[in-house]
Structure formats: structure tokens, C-alpha cells
1. Please report how far the C-alpha centroid of segment 81-128 lies from that of segment 1-66, rounded to the nearest whole angstrom.
2. From Cα pairs below 8 angstrom and at least 6 apart in sequence, can you work out the relative contact order of the chain, rounded to a whole percent?
3. Please state the shape class of segment 5-317: rounded when a/c is under 1.5, otherwise prolate if a/b exceeds b/c and oblate if not, all from the C-alpha gyration tensor.
4. Can you give the relative contact order of segment 147-290 as a percent, counting alpha carbon pairs under 8 Å and 6+ residues apart?
5. Binned at 5 Å from 0, what are the whole-percent values of the Cα-Cα distance distribution for segment 48-136, short to long?
6. In whole angstrom, how far apart do the alpha carbon centroids of segment 266-332 and segment 211-254 sit?
7. Where the eigenvalues come from the Cα gyration tensor of segment 244-332, what are the semi-axes √(5λ) of the equivalent ellipsoid, largest first, in whole Å?
8. So what's segment 175-284 giving for Rg/Rh, alpha carbon basis, Kirkwood Rh from the mean inverse pair distance?
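Taken together, the values in this text are just the output of simple stated rules run on the coordinates, not laboratory data. Note that the structure is a prediction, hence the values are computed from the model and not measured.
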Ligand code: FUB
């Protein structure tokens with residue numbers, strides 16, 4: 001068992017996106033609170049309204065600074081509710097926060113807000129990213145400066161409403177009933193993939209149609225919908241020794257898994273489980289190198305006694321062998 005640290009016992013936060021800016025480590029989480037909404041399969045209990053940013057300079061022991069609210073749903077003209085996962089990327093001294101929220105029709109999109117400093121304040125764009133849908137953006141800047149966003153999540157994240165980036169006709173009927181099992185692939189069918197799109201030079205729009213992120217088994221064939229290790233939500237990308245590590249949550253089977261490819265679009269070959277299921281329904285993470293060591297940021301529901309909509313941030317060292325294979329960990 002790897003020793004982990006609860007990062008912010010003062011409040012409930014989840015979905016940590018960790019990034020290093022100007023030599024300091026910044027964490028961009030979702031901000032959980034008890035809205036009184038009941039648990040449902042569409043994530044109606046996750047009624048987050050704002051984002052904070054936390055920072056520190058010693059991951060396992062350092063004091064965590066809360067820089068306060070960096071964006072509130074009331075500031076975003078197009079967003080009504082449910083400010084879910086977000087992530088931040090830097091380009092030419094500006095910071096771009098990409099986040100997911102529901103519009104006034106109950107449909108998730110991705111939005112962008114821009115700041116001059118990693119701790120904000122972030123000023124939102126008036127409209128969501130054109131052609132964006134679903135949830136859980138991860139923004140990745142490659143060594144050549146190109147920026148990619150990975151996104152998508154099943155059930156409450158609405159990914160099952162879309163095929164080839166178009167809303168399926170059936171989805172327009174009663175959209176608030178987001179999760180209907182009939183909309184999901186099953187058995188030997190291809191699973192619903194995460195999506196990836198390169199961003200425009202101004203980091204405000206997709207520069208191309210989103211592409212599917214295909215995960216191959218060791219046999220070279222795509223994982224099947226019935227595979228407990230197929231993608232569900234919580235995309236993350238990191239790069240090590242020229243290899244692209246795509247990691248993700250398997251949602252209803254509760255693992256964090258990873259797959260490796262040789263370019264940002266994939267395909268990626270499935271490698272294994274990073275983290276065994278934690279206490280709480282969701283599991284969501286980020287992986288980052290800081291001061292020469294690699295870390296896994298994640299969350300669980302131990303402090304809230306398994307109240308799945310009240311999650312707590314954690315971090316632990318990432319266990320890896322010399323060839324870059326990530327070991328399966330248990331969060332203590
Ligand atoms: O925080 C709300 C949702 O729960 C996220 O978007 C998912 O990844 C899951 O962690």
C-alpha cells in the first residue's frame with residue numbers, strides 16, 4: 001500500500017488536475033458541496049457552482065495555499081449549473097482554464113476562461129467551445145507547443161448521446177434523462193471512446209473535429225464494451241520518455257487505468273490498472289512530475305463517510321519501474 005496524503009481537509013474537492021507553473025504546483029479541482037440533491041445515475045448530486053485553485057511547493061508535506069474562487073457559474077453567460085471537472089494550460093504567459101458545465105437546456109459543453117496568472121482571476125468566454133460536448137477536459141501541451149484537449153464521460157457526462165461528434169436523434173427526446181442503458185454499446189461492440197482535439201493557436205476553439213481515442217488490447221484489437229477496463233470518464237495525458245500515457249477512469253467498474261501510445265492521438269495500447277477502487281463511486285485523477293518525482297493526485301470519500309458527492313483530495317507518489325510501467329496501487 002502506498003502512503004497518501006489528504007491535501008485539503010478543510011473542504012470537499014474532487015477531480016484534481018495538477019499542473020506545474022513557474023516552479024510551483026497548482027491543483028485545479030471540482031468543488032463539492034451538499035446541495036441536497038439526491039444521488040442518481042446522471043450525477044444530479046454533483047451540483048458544483050465554482051472552482052478554487054490550490055498550490056504548494058512540497059507535495060507530500062508542504063502547506064497548501066487556497067487562492068479562493070477563480071470562477072463562479074454566475075460569471076459564465078452560457079452555463080446554468082454543474083461546474084464539473086476542469087484543467088488549465090499555459091501559453092505565452094496566459095492561462096487557459098477549460099471546464100465542463102451544463103447550459104440552460106441541460107446539455108454539457110466545454111468552456112474556456114482566461115487569466116494572466118495561474119491563480120486567476122479567470123475571465124470566461126461568452127460562449128462554449130464550438131462543437132464541444134460532454135465533460136472532463138484534460139488540456140495537454142506537447143513539447144512542440146501544440147495544445148490538445150481530451151474529454152468525454154459516460155452516463156451523466158452524456159457521451160452516449162453522440163456518434164461522430166453529432167447528437168444522436170434519440171438523444172433529443174427527453175434530454176434530462178441523460179443515462180439510458182439502451183444508448184450504450186454492449187458485449188463485443190466497440191466501447192464509447194474519449195475524444196481528443198487540437199486547440200486553435202488562441203486556445204479558444206477546437207482546431208479540428210474531435211477524434212476518438214482508441215484503446216487497443218495487447219492483441220492489437222480495440223478493447224470491447226464488456227471489458228471492465230474500458231474508458232468511462234476522467235481522461236488524463238502525460239508524457240514520459242517520448243511516450244504518451246493516456247489514463248482514465250473505468251467509471252462503473254471503479255478503476256484508474258492507463259494505455260500508452262507514440263503520438264497524442266493514439267491509438268493507445270492498454271497497459272494496466274493504476275489504482276484499485278477507492279471509497280466512493282467515482283475515481284478521478286491526474287499524474288504530474290514535480291521536482292523530479294512523479295505523483296498521482298486523486299480523491300476518495302473516506303472523510304465524508306462514503307457520501308459520494310462529498311469527496312476529498314489526495315496525493316501519493318506514483319509507483320513506476322525503470323521502464324516506465326506504472327504499478328497497480330492501493331490508496332491507503
Ligand atoms: O465531479 C463530477 C464528476 O464525477 C466528474 O466529472 C467525473 O469524472 C466524476 O469524478
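1. 16
2. 17
3. Rounded is the answer for segment 5-317, as its axis ratio a/c remains below 1.5.
4. Across segment 147-290, relative contact order equals 20 percent.
5. Over segment 48-136, the share of Cα pairs per 5 Å bin runs 3, 15, 24, 23, 17, 10, 5, 3, 0 percent.
6. The distance from the Cα centre of segment 266-332 to that of segment 211-254 comes to 15 Å.
7. 24, 15, 11
8. Reported Rg/Rh, Kirkwood definition of Rh: 0.98.
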